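Q: Pasting in a structure now, in structure tokens, and then I'll have a few things to ask.
The values are calculated or read from the model by the stated rules, or taken from the named source; none is laboratory data. Not measured: the values here are computed from a predicted model. With ideal geometry, Cβ positions are generated from the backbone for all residues, glycine too; neighbour counts draw on all protein chains shown. The accessibility values were calculated without ligands, DNA or RNA, using every heavy atom of the protein model including side chains. Shrake-Rupley method; radii C 1.70, N 1.55, O 1.52, S 1.80 Å.
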Amino acid sequence: MRAAADVDVPVPASPPAVRRAGRLGDSALVLLGLLALWQFGSWVVGAAVLPAPAATLAKLWAIMSSSDFGGHAWETGRAFLSALAIAFAAGLAIGLLLGAHRLSAEVAEPILVALYAIPKITLYPIILLLFGLGISAKIAFGVIHGIVPVAVFTMAAVRNIRPVYLRAARAMRLTPVQTAGRIMLPAALPGIVSGLRIGFSLTLLGTLIGEMFASQRGIGYLLVKAMETNDVATVVALATLLIVVATIVSGALLALNRRLDRSPKPGR
Amino acid sequence: MTRAGIIRIGVLVGAVAALEAACRAGYVNRQAVIAPSEMVRGAWRVLGTQEARGHIAETLTTVSLAFLLSVIAGFAIGVALHRLPRFRRAVDPLLASYYAVPTFVFYPVFIVLFGLNRWPLVAIGFLFAVVAVAINTLDGLDRLPPVFMRTARVLRLSPRQTLLRITVPAIAPWLFTAVKFAVAYSFIGVIAGEFVQAGSGIGFAIAFAYNSFDNLTMYGLMLLLFAFVCTLNMSLWTWEQKLYARRGGR
């Protein structure tokens, strides 16, 4: 006897909750697969080259419970958050200003895109010479990585606002500040959040690179110290920590991004 | 040339001239930043030495390898993921947050794996670029009108013919974006790796010049690198515009 599911009739679409649960299950399977691959790889090349997942977790726990880890994490967090605040604020301001003025946007866009594509790590000697060793150099390094994508995405989002919104703002005699806050920002929000998501990743990257070269404290410093002493277990443990944190935050921003994209848009 | 283009050149020339003037007048610490004319002199001197040319050739070879491998693998991954929708939905969150992960932290693992030669650098450049290629390929395949595939079936094209005659030309704009990303990312990955730990290459040479307070060589090398990357991007961009013009817009 055939099971009901085998009957060849169109299956009614499953409710969203069930679909979402199925998708989460699939993602969990992929994660499990990755862990299995990691374990297998560790067996093949040896634990000295690639420590196994369980050993890595144990190592990570040991690192995190050591007394000086809190200080290093705080240092990285402080530098990263400062860099993020500066990159977001300055990037948004540049993007809004350039996006609102057509000619400026045309002038600036290729320059910004060129800045985005150059390997900014090359600039680290200049940053060190200008800011000296310490937290300001790290913050500057994070900012130069994060500011460009935020500005580029904000500019594009503002340029793509439907002209009728701006005409409505003029008809209602809104001041430029009101227009920016009440019309441009909400209308451009989905694009801006995409930019913030990429800006977040790159600022983290920049801050960590800055720490690796220009610092005696922070997670980047721990990483480079472990690299120099060939301490693979620590490298893999710290890398895992960074990956988990970055993936969770990025996932949250992505969910926000998708929700904004789906929200009803009046007049469309 | 358009009005924006003229203004853009004016802005750039003005910025360089301002830096030159500030350096000559002594407003800027000479130990930190040297005048643009000095940078050009440094670049010229660097180009004249056998050693620097070796570093440049070394980096360019590594980047080209990473670029080629990432474009081929990224395209294959994109096509494969497109064929497996359920798997793709499961991998999607991972792809989306891939660039939040500082990939270069794996560089030491690669050094242990491959030894201290060019291959760990190729691997880092490859890892940096491959996902951007895959994401853009997927993006293009998603927007491929179904009628194209139906036409291919009607004409009884083989899978290989379908790929080369229909799919690739139809998603060319996305593949072009993928190639641009792959160029930028393989450069960033390789140079970053050279900075961290390597015995040769442009990144190594810049770090070496910095450590020995040789500002002329350092700024010369930086200028050469940026000029090269920008020229490459500009030519790709111009080529792309021509391609669009021939297709009659996107």
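Q: For segment A:26-42 and segment A:214-249, what is the centre-to-centre distance using only Cα atoms, to the nearest Å?
A: What the calculation gives is 22 Å, centre to centre.
Q: Rounded to the nearest whole Å², what accessible area per residue is found for the protein assembly as shown with the 1.4 Å probe?
A: 53
Q: Next question. Going through the DSSP H helices of chain B, which span 30 Å or more along their own axis at the Cα atoms while scoring at least -1.0 as a mean Kyte-Doolittle hydropathy?
A: B:3-25, B:50-83, B:119-142, B:172-196, B:215-247
Q: Right, here's the next one. Under the definition of partner shielding as Cβ atoms of other protein chains within 10 Å of a residue Cβ, what is the mean value for peptide A:101-113?
A: Details: counts 0, 1, 4, 3, 1, 6, 11, 4, 2, 7, 5, 0, 5.
So the per-residue partner count for this stretch is 4.
Q: Mind checking which of A:141, A:181, A:115 is farthest towards the positive end of segment A:53-262's charge dipole, using Cβ charges of +1 (Lys, Arg) and -1 (Asp, Glu) about the Cα centre?
A: Selected residue: A:181.
Q: Hey, any idea what % of chain B's accessible area is carbon plus sulfur with a 1.4 Å probe?
A: 68
Q: Name the residues of segment A:121-151 whose accessible area falls by at least 20 Å² when all protein chains are present instead of the chain alone, probe 1.4 Å?
A: A:121, A:122, A:123, A:124, A:125, A:126, A:128, A:129, A:130
Q: Round to the nearest 0.05 the FRET efficiency obtained for residue A:43 and residue B:161 when R0 = 41 Å and r is the Cβ-Cβ distance.
A: Computed FRET efficiency for residue A:43 and residue B:161: 0.45.
Q: To continue, here is another question. Which value, in debye to the nearest 20, describes the size of the charge dipole of the protein assembly as shown about its Cα centre when Lys and Arg Cβ atoms bear +1, Asp and Glu Cβ atoms bear -1, and nothing else is charged?
A: Working: 46 positive and 21 negative charges, 510 e Å.
Roughly 2440 debye for the protein assembly as shown.
Q: For segment B:85-148, which trypsin sites (Lys or Arg not before Pro) are both in a DSSP coil and crowded by at most 13 other Cβ atoms within 10 Å?
A: Of the trypsin sites (Lys or Arg not before Pro), the ones in loops of segment B:85-148 whose Cβ has at most 13 other Cβ atoms within 10 Å are B:143.
Q: Heavy atoms of the protein only, probe of 1.4 Å, neighbouring chains included. What is the accessible area of residue A:138 in Å², nearest 10?
A: 0
Q: A further question on this structure: Only Cα pairs under 8 Å and at least 6 apart count here; give the relative contact order of chain A as a rounded whole percent.
A: For chain A, the relative contact order is 24 percent.
Q: Still on this structure, please answer the following. Projected area of segment B:6-66, taken from the Cα convex hull and averaged over every viewing direction, in nm²?
A: Directional mean of the projected Cα hull area for segment B:6-66 stands at 6.4 nm².
Q: Using 0.36 nm per residue, how much length does the chain from residue B:214 to residue B:116 gain when fully extended, once their Cα-Cα distance is taken away? Spell out each step's value before the answer.
A: On the way: separation 98, 0.36 × 98 = 35.28 nm, distance 2.60 nm.
Length gained, residue B:214 through residue B:116: 32.7 nm.
Q: How large is the charge dipole for segment B:38-247, taken about the Cα centre, if only the Cβ atoms of Lys, Arg (+1) and Asp, Glu (-1) carry charge, to the nearest 20 debye?
A: Details: 18 positive and 9 negative charges, 273 e Å.
Rounded to the nearest 20 debye, it is 1320 debye.
Q: Which one of B:189, B:14, B:74 has the biggest mean-square fluctuation once chain B is modelled by GNM with Cα springs under 10 Å?
A: Comparing B:189, B:14, B:74 in a Gaussian network model of chain B, the most mobile one is B:14.
Q: Based on the alpha carbon coordinates of segment B:34-145, what radius of gyration and maximum Cα-Cα distance (Dmax) apply, in Å?
A: My reading of the Cα-based Rg and Dmax gives 18.9, 57 Å.
Q: Net charge around residue A:238, counting only other residues with Cβ within less than 15 Å of its Cβ (Lys, Arg = +1; Asp, Glu = -1)?
A: On the way: positive: A:59, A:217, A:225; negative: A:68, A:75, A:211, A:228, A:231.
So the environment of residue A:238 carries a net charge of -2.
Q: How many square angstrom of accessible surface are buried between A and B, both sides summed, with a 1.4 Å probe and rounding to 100?
A: The contact between B and A buries close to 4400 Å².
Q: Could you give the dipole magnitude of segment B:42-113 about its Cα centre, charging the beta-carbon of Lys and Arg +1 and that of Asp and Glu -1, in debye to the nearest 20?
A: 320
Q: Right, here's the next one. Filter the trypsin sites (Lys or Arg not before Pro) in segment B:156-219 to those in DSSP coil with at most 13 other Cβ atoms within 10 Å of their Cβ, and list the result.
A: Listed in order of number, the matching sites are B:156.
Q: Could you order B:23, B:230 by accessible surface area, starting with the largest, using a probe radius of 1.4 Å?
A: B:230, B:23
Q: If packing is taken as the average number of other Cβ atoms within 10 Å across a peptide's residues, how do A:64-74, A:232-242 rank, most packed first?
A: Result, highest mean first: A:232-242, A:64-74.
Q: Let me ask something else. Calculated FRET efficiency, residue A:261 and residue A:182, Cβ-Cβ r, R0 25 Å, to nearest 0.05?
A: Calculated transfer efficiency: 0.75.
Q: Continuing with this model, one more query. Work out from phi, with θ = phi - 60° and the Karplus expression 6.51 cos²θ - 1.76 cosθ + 1.60, the ³J(HN,Hα) of each residue of segment B:163-168, listed in order in whole Hz, and give x for Gly and Pro.
A: Per-residue couplings from phi come out as 4, 7, 8, 10, 4, 4 Hz.
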